[in-house]
Amino acid sequence: MIDLSLPKSPHGYGLCGQDPRYSSTTRTLSAIFVGGGSLIIGCAQTAKEMGCSIPAVLPTDDVFRAWATNLGIRCFDNVEQTYEFLHDVNVDLIFSVVNPFILPAHLLERARVGAFNYHDSPLPRHAGTHATSWAILAQESQYAISWHHINSGIDTGNVVVQCPLSVASTDTAMTLNLKCYDAAIEGFRALLAMIIAGADLQGSPQTVPVIMPVGRDGALPLSYSQQRLWFLAQLDEDSTNYNIPLGWRLQGRLDRVAWRRSLDRLFARHEALRCTFVAGEDDPQVQILSGDRGLPVVEHDLRDRPDAQAALLDLCQEEARTPFDLAREPLIRGRLIRLADEEHVFLLTQHHIVSDGWSLGVLVRELSSLYRAFEAGEDDPLPPLAIQYPDYAAWQRQWLSGERLQRQAQYWRDTLSGAPARLALPTDRPRPAQQSFAGASVPVVIDQVLTRGLKRLSRQHGTTLFMTVLAAWAAVLSRLSGQDDIVIGVPTANRRRREIEDLIGFFVNTLAVRIDLSGEPSVSDLLERARRAALTAQDHQDLPFEQVVEIVQPPRALDHTPLFQVGLAWQNNTGGSLDLPGLRVEAAGEGLDQVKFDLELNLGEQGEAIAGTLGYATALFDRATIERQCGYLLALLRAMLADAEQPVSELDILPPDERSYLLEELNRTET
């Protein structure tokens with residue numbers, strides 16, 4: 001048995017007592033907590049009392065989220081966000097009060113000291129009690145402790161933990177016979193004390209250098225991604241391929257003064273929105289416009305127009321088709337269109353060089369807060385920003401250099417060596433000599449029953465939902481193309497640092513994830529290959545895609561994008577909706593109807609289901625073809641659930657209705 005007693009100190013539990021193990025040179029343990037309810041709150045509060053820092057939590061209910069929010073602790077929305085955070089921030093411990101356990105094995109490996117789950121499980125009836133235990137989950141932990149339930153001398157053996165990682169097994173068993181909330185908290189306190197006493201906490205954790213403000217009196221560099229977009233813009237100055245359109249229909253009494261003031265404040269708050277890009281002697285440079293000029297907005301009054309709806313459509317299309325001048329004008333603009341006294345449509349367009357998908361969420365959230373305050377006669381409620389996007393761009397140039405740059409470059413050079421230049425998908429029309437970005441999309445819905453099954457499959461194989469869908473999408477593409485080497489473009493928010501979470505700017509990066517389907521892999525094999533491919537790509541995501549292309553040097557052509565022509569985006573951070581007091585807000589405006597790749601699968605969890613769209617290049621595909629591809633994906637996902645050990649190549653991807661149609665056509669042809 002391990003002695004879990006805590007050495008007493010004059011100051012109680014903590015890292016600062018008189019015991020030599022709590023010397024002034026020891027640093028603070030950091031821990032992430034996962035779960036919901038009073039027990040996880042009690043454990044987190046206990047950890048704080050014992051001197052631990054809590055940089056973030058993954059709450060599974062509103063109670064724990066509210067507790068953390070009140071203390072200014074960051075709250076994740078899902079497992080993917082947690083992994084993104086742990087990529088660059090070293091955390092010592094992960095504690096969970098969730099059954100079944102929801103964090104996959106690859107995330108547990110990020111815990112520097114250990115990962116633990118609290119599980120409430122009944123003993124056999126003859127034991128006559130209900131016991132609970134803390135269980136170690138991370139195999140590489142300094143504390144490899146097997147989990148036993150022991151009561152009255154009865155050892156029930158190792159209890160199977162409902163998580164995708166086997167419990168570590170050693171000759172020593174730590175047993176905690178806990179019967180109530182207080183006992184659970186005391187068990188947690190004892191476990192944490194043991195870790196504090198035994199963990200190597202000398203020195204400082206390895207962290208990424210802090211992003212600091214830079215001076216504005218000299219030349220400001222572009223970020224790597226911005227520089228690539230700038231070069232593309234020079235090739236086609238009239239292009240609108242990288243415009244990001246937003247549109248809202250506002251019904252009710254709009255306080256136009258408060259709305260205008262909100263837009264101007266947003267414009268002044270974020271330097272990224274005020275950046276212009278000019279050619280320098282060697283490289284392009286950033287120039288920042290004054291925040292006093294305000295966000296440019298053109299107003300249209302259609303109240304007396306009998307053709308108001310047709311005029312509105314024309315204005316939406318005109319807005320979508322108007323390019324930006326990257327060197328002279330603000331790269332964000334708006335149009336306020338008045339249809340009636342209490343009905344407006346507002347169009348807001350940004351250039352991708354100053355914004356991205358995450359930024360839309362920041363923009364919507366801050367616009368809502370600003371309008372709510374200004375409409376009520378209050379001051380700006382938003383806290384000041386510690387840094388701005390130009391500070392990040394300068395930091396990126398300095399940080400991503402030397403050995404770090406060489407290491408990441410070598411990974412991508414090795415990973416993508418010999419990858420196919422193009423995915424040979426069958427198309428409805430020949431590929432044009434120059435790539436067309438004209439696109440459309442069809443809806444994709446993975447219903448609740450199938451989603452539950454996919455979550456179960458993911459838990460069993462240590463993958464996230466995204467990884468499971470990635471594996472299935474790769475299998476469909478392999479079946480359609482006849483290729484067993486598939487490269488899929490996966491965007492990543494690239495917001496792993498807390499100080500850039502609230503910034504508007506161009507942070508997103510795209511990873512070329514290579515999936516190997518050779519050798520007749522089973523479903524289990526493919527899931528493992530997809531998991532490893534996704535994780536290693538995430539571990540090397542700092543190198544911008546534009547530099548990856550330059551390093552790999554794939555064959556270049558005007559008719560397709562380099563490295564991959566198919567994408568998969570998993571929407572973890574929904575942009576949210578505009579929330580304006582006294583107004584009903586609905587989406588409005590005509591989109592750009594453009595795609596960057598031949599196929600773009602955009603999915604995310606929506607309630608208990610998974611939903612999204614499959615975008616496609618209309619120069620290549622008909623809508624009916626894409627609808628069939630959606631059916632193939634759904635059929636393959638269902639087949640994966642049926643037997644995870646069957647070869648992927650033998651999975652039936654034809655939906656029942658298409659199978660019946662094909663059989664009827666074949667019979668008719670034979671007749």
For segment 640-648, Karplus-derived ³J(HN,Hα) couplings (6.51, -1.76, 1.60; θ = phi - 60°; whole Hz; x for glycine and proline) come out as 4, 6, 5, 7, 6, 9, 6, x, 4
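Calculate, in nm to one decimal, what A609 and R498 gain on full extension: separation in residues at 0.36 nm each, minus their alpha carbon distance. Present the calculation step by step, with values, prior to reporting the outcome.
On the way: separation 111, 0.36 × 111 = 39.96 nm, distance 2.94 nm.
Here the segment from A609 to R498 would lengthen by 37.0 nm.
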DSSP-assigned coil residues among GluC sites (Glu not before Pro) in segment 305-383, each with at most 11 further Cβ atoms within 10 Å: E378
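For segment 472-607, what is the charge dipole size about the Cα centre, in debye to the nearest 20, if Lys and Arg each add +1 at the Cβ and Asp and Glu each add -1 at the Cβ?
Values: 12 positive and 21 negative charges, 47 e Å.
With Lys and Arg at +1 and Asp and Glu at -1, about 220 debye.
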For segment 352-357, what does the Karplus curve 6.51 cos²θ - 1.76 cosθ + 1.60, with θ = phi - 60°, yield as ³J(HN,Hα) per residue in whole Hz, taken in order and with x for Gly and Pro? 4, 5, 10, 7, 7, x
Trypsin sites (Lys or Arg not before Pro) restricted to segment 517-565 and DSSP loop, no more than 10 other C-beta within 10 Å: R556
Sort segment 508-607 into rounded, prolate or oblate with this rule: let a ≥ b ≥ c be the square roots of the eigenvalues of the Cα gyration tensor; rounded if a/c is under 1.5, and if a/c is not under 1.5, prolate when a/b is larger than b/c, oblate otherwise. prolate
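Of D593, D414, D380, how do they rank once you tally other Cβ atoms within 10 Å and put the fewest first?
Fewest-to-most Cβ neighbours within 10 Å comes out as D414, D593, D380.
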Cα-projected label distance for C75 with T46, points at 7 Å along beta-carbon direction, nm: 2.3 nm
Among W230, Y389, W259, which residue has its Cα furthest toward the positive end of the charge dipole of segment 224-391, with +1 on Lys/Arg Cβ and -1 on Asp/Glu Cβ? W259
As an exercise, use a Förster radius of 51 Å and the Cβ-Cβ distance of V449 and D539 to find the FRET efficiency, rounded to the nearest 0.05. 0.90
Using alpha-carbon positions, the gyration tensor of segment 224-391 gives root eigenvalues a ≥ b ≥ c; with a/c under 1.5 called rounded, otherwise prolate if a/b exceeds b/c, else oblate, the class is oblate
Sorted by chain and number, the residues with a modelled amide H under 5 Å from that of D255, at a separation of 5 or more or across chains, are none
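Residue separation times 0.36 nm, minus the C-alpha to C-alpha distance between R532 and A66: what's the value?
164.3 nm
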Would you please classify the overall shape of segment 483-557 from the alpha carbon gyration tensor, given that a ≥ b ≥ c denote the square roots of the eigenvalues, rounded means a/c under 1.5, and beyond that prolate means a/b larger than b/c while oblate covers the rest? oblate
Give the long-range amide H neighbours of I244: residues separated by 5 or more places, or on another chain, with amide H under 5 Å away, using H modelled in the peptide plane at 1.01 Å from N. Q350, H351, H352
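Taking the Cα centre of segment 224-391 as origin and charging only Cβ (+1 Lys, Arg; -1 Asp, Glu), how large is the dipole, in debye to the nearest 20?
That gives segment 224-391 a dipole magnitude of about 420 debye.
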Distance from the Cα centre of segment 497-554 to that of segment 211-244, in angstrom? 23 Å
So if each residue of separation counts as 0.36 nm, and I subtract the Cα-Cα distance between E550 and R216, what length gain in nm does that give? 117.2 nm
In whole Hz, what ³J(HN,Hα) sequence does segment 224-238 give by Karplus (6.51, -1.76, 1.60; θ = phi - 60°), x for Gly and Pro? 4, 5, 4, 5, 5, 5, 4, 4, 4, 5, 5, 6, 8, 5, 9
Cut-off under 5 Å, modelled amide H: who pairs with H300 long-range: L336, I337, R338
I want to check the label-to-label distance for D428 and D643. Put each point 7 Å from Cα in the C-beta direction and report it in nm to one decimal. 3.6 nm
Just to be sure I understand the model, the point goes 7 Å from the Cα along the line to the Cβ. What's the resulting D314 to E299 distance in nm? 2.1 nm
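Rule-based calculations on the coordinates, nothing more; no lab input. Keep in mind that this is a model prediction, so the values were computed, not measured. As a convention, Cβ positions derive from the backbone with ideal geometry for all residues, glycine included, and neighbour counts pool all protein chains shown.
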